[in-house]
Structure formats: structure tokens, C-alpha cells
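The structure under discussion appears below in the form of C-alpha cells.
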Number of protein chains: 2
Amino acid sequence: MEPEKQTLLNHHTEKHFTAGEVVRDIIIGVSDGLTVPFALAAGLSGANATSSIVLTAGIAEVAAGAISMGLGGYLAAKSESDHYAREMKREQDEIIAVPDTEAAEVAEILAQYGIEAHEYTPVVNALRRRPQAWLDFMMKFELGLEKPDPRRALHSAMTIAISYILGGLVPLAPYMFIPRAAEAVVFSVVVTLVALLVFGYAKGRFTDNKPFRSAFETALIGAIASAAAFGLAKAFHP
Amino acid sequence: MEPEKQTLLNHHTEKHFTAGEVVRDIIIGVSDGLTVPFALAAGLSGANATSSIVLTAGIAEVAAGAISMGLGGYLAAKSESDHYAREMKREQDEIIAVPDTEAAEVAEILAQYGIEAHEYTPVVNALRRRPQAWLDFMMKFELGLEKPDPRRALHSAMTIAISYILGGLVPLAPYMFIPRAAEAVVFSVVVTLVALLVFGYAKGRFTDNKPFRSAFETALIGAIASAAAFGLAKAFHP
């Protein structure tokens, strides 16, 4: 590339935020981990269960939820990985078997941006001369697929599962120390509300959204979920 | 585009599978809906709870889970929508303020595929003459962002929440008819196992993965989650 263009690129920093995979997984895990065990515990407390029953249900739910999310996330990521490999093989076969059709697809992609034949043809021909680059171009610009990291599947699963467990322990902790659930629930509500607000704020900061609004929304989801759980538990077990 | 190229494109159908948003949301919702309420109910049954307690906990969990996933999904989709709008505004400002830098970025994107200056320069200039197309090009090819559908957020949330509820009712149904949880759990295990296998198979067909392996994996997650819930529930409430 011409030195002048490279200089322009070096001097100009684009400030586009891209949330990391790890942050996203932590947010997914903690979001559900704080909310569902809290609502379940609050609901059962309202139905006059003992702290012992609440803890039993809560811990069982946290374990089941963490495994479901973690293993589920792992399998989903592995499935994306397999999907990418299969699509890449298909594109590769097509580049070899029907190169004129693939070349026409490159032309069609560029033509969508108002680029005319005499303008895009040199680009199409350049790609035809470099099959590996051509394949990468089709994967990204025709299929919109990014090459997934093979270790990401396991890493993602562990992050989500651990985040869910840590999230879930927050609302359940009071029940470990206070045998009367009707008492423990008060502490659970306070502790979880604070956690939801703090976590919602952090989520807003990381995703470059309005953090105070995010804090409010996160706490509101917790409140709605626990109100629903409370109401239904009372209805089923007054 | 030349008629010859268009003909090639019309005759050749690329068989690339792109899972619909709705299918993905149903899979997300039912996956967790089948697994977590089942494991919670089985775990509590093992800890000698009555069907009444199991149902109370199960229904409360399904409500809380559906709300958390549904509302959480809605807010996440809205957040993506806001993010796209902000990024688009930023790109637009940069195209107006520092067009030479943005043009250099287009060059850099194409240069990654071995395309040389004399080949990509007509394309860069064509984009510079059409600011709207240039903006769309940067959004897609520099940032990799697709324009989100504004109604998708609500639709996605409803789909996930309803799927979670329908999934959760399957393992809980036996407890509605059989008062002894130790009896109900047997039916719950059988019914849920069948549902997990069937759903796992369907998931595999939709995502173009090996359906029998998907059925096995889905059932296995359910088994592991319920074993963990069972073990922990017995430990906390023998």
C-alpha cells in the first residue's frame, strides 16, 4: 500500500467498541445466575418453605442451570466450528468446480455497492489468481462467517457456567445462615438488588450503553421475575 | 451486471444453510426449558419433597427463567440495535470528516486479499462517489455488522420465553397428576428423556449437524444436570 495511505491509517484511531467474548459470556452467566435462583428462592419463601428447602431447591437449580448453560454453550460453539468447516469446504469445492459462478458472485457482491463492471473486474480477476485469498473473501463477504477459535468452545462454556454459579450464590447465601426463610428472604432481596444494580451498571459500561439505564433494567428484570415466581408459588402452595 | 453472469447465478443454487432467527430462539428456549426444570424437579424428588413442593418450585423456576431469558433477550437485542445505530453514526461522521482515512481503510480491507493498488483504486473511487453505498460497505466489511430488524427484539424475546415455558411444562406435568413425587419422578424421567431425544434430533436436523449425535448429546446434558441436582439436593436435604 502507498506510504501516504498507511500513514493516514496509523495516525487515525477508530474508536469502535467490540465487546470481548469473555465479557459477553460473563454477562450471560451472571445475568441468569443472579435472577433465576433469586426469584426461585423468594417465591418458595413466600410459599412458607423453610430455608433448608429453599437452599435445596436453589442449589439444585444453580447446578442444573450452570450445567445446562455451560454444556449447552460448549456444544453450540462446537457446532458453529463444524458449520464453518463444512461451509469452507463447500466454497472450496465450488471455487474449483464452478469458478465462473463464484466469480459472478464476487461481482454481484461488489455491484450491490454501485460499483460498475469496469471498476470491479480487476478485483475479481485478482481474486481468481489467488485461490486461498478468494476462499477467505467468499467466507467473509458472501457468507459473513468469521473463523472460530477451537479453544473458544471450552473456554466459553467454563466462563458461562462459573459465572452462573457465582451469580446464583449471591441470593442464596442468606439462606445458609438464617434458618427462617421469611427472614432470610429480606436479606436476599437487599443483597440481590444491590448486586443487580451494580452488575447492570457494569454491563452498561462494558457494552457502551447508558450504564444507569442498564442498572435499572437489570434490577427490574429481577424484580419482575421474582414477583412472578412469588405469585405463582403462593398460588400453588398457599 | 452482464446477462451471462446473471444466468450463471440463476442456474447455480448455493446450498448454504442459514438457521432462521426463530429456530435459533426456539432451540435456546426449549433447550433450557426441558433441562433445568426437569433436573430441579428430579433433584427435589430425590430429597423426599412432595409433588406439591416440587410443582411449586418447578413452576416458580419456569416463570422466573422465562422472564429472565425473555426480557434479557429483548434487552440484549435492543442493545445490539442501539450499538449498530451508534456505530453507523460514527462511520458516517468519519466519511464526512476524514474521507481520505476512510478511503485508506477500504484499500486496506481489499489489500488483505492480495488485491493491488491499481486493481482496487477504481473500486475505492467508486465508493467515494456514493456516500450511502460507502457507508453500507464500511458497516459490513470493516465492522462486520448487519442491520438489525427493530421488531426482532420483541419477537425474539417472546419466542424464547414461550419456548422455555413449553419446554418446562413437559417434565413438570407428571407432578400435576401424581401426588407422590417419588412416583411422579419416574414418569418425569421417561417423558423428559423422550422429549430430549426428539428435540435433540430436531435440533440436529435444523442445524445440519448429525441428528442422532445431537439427540444423544441433548439427552446427556439433561442426564448430567439432573444427576448433579439430585446429588446436591440429597446432600443438602437427606
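All of the numbers you see were taken from the coordinates with simple rules; none came from a lab. All values reported here derive from a predicted model rather than from experimental measurement. Note that we place each Cβ from the backbone using ideal geometry, even for glycine, and neighbour counts take in every protein chain shown.
Inside 10 Å of the C-beta atoms of B:68-81, what's the mean count of C-beta atoms belonging to other chains?
Per residue, the number of nearby Cβ atoms from other chains is 5 on average.
Using the alpha-carbon centroid of each, what span in Å lies between the range A:134-174 and the range B:171-238?
Comparing the Cα centres of the range A:134-174 and the range B:171-238, I get a distance of 24 Å.
Taking the Cα centre of each part, how many Å lie between the range B:17-83 and the range A:73-87?
23
Among the complete DSSP H segments of chain A, which ones combine at least 20 Å of alpha-carbon extent along their axis with a mean Kyte-Doolittle hydropathy of 1.6 or more?
Qualifying helices: A:181-206.
Per residue, what volume in Å³ does the Cα convex hull of the protein assembly as shown take up? Walk me through the numbers on the way to the answer.
Values: hull volume 68.3 nm³, N = 476.
That works out to 143 Å³ per residue.
Pairs A:Lys203/B:Lys140; A:Lys89/A:Lys147; A:Lys203/B:Lys78; B:Lys78/B:Lys147; A:Lys89/A:Lys140: which exceed 21 Å Cα-Cα?
The answer is A:Lys203/B:Lys140.
Cβ neighbours within 10 Å, averaged per peptide: list A:128-141, A:222-235, A:104-117 in order, most packed at the top.
Peptide ranking by packing, descending: A:222-235, A:104-117, A:128-141.
Using just the Cα positions, wrap the range B:18-121 in a convex hull and report its mean projected area in square nanometres, one decimal place.
Directional mean of the projected Cα hull area for the range B:18-121 stands at 10.9 nm².
Compute the normalised compactness of chain B: alpha-carbon radius of gyration over 2.2 N^0.38 Å, N being the residue count.
Working: Rg = 25.7 Å, N = 238, 2.2 N^0.38 = 17.6 Å.
Expressed relative to 2.2 N^0.38 Å, the Cα Rg reads 1.46.
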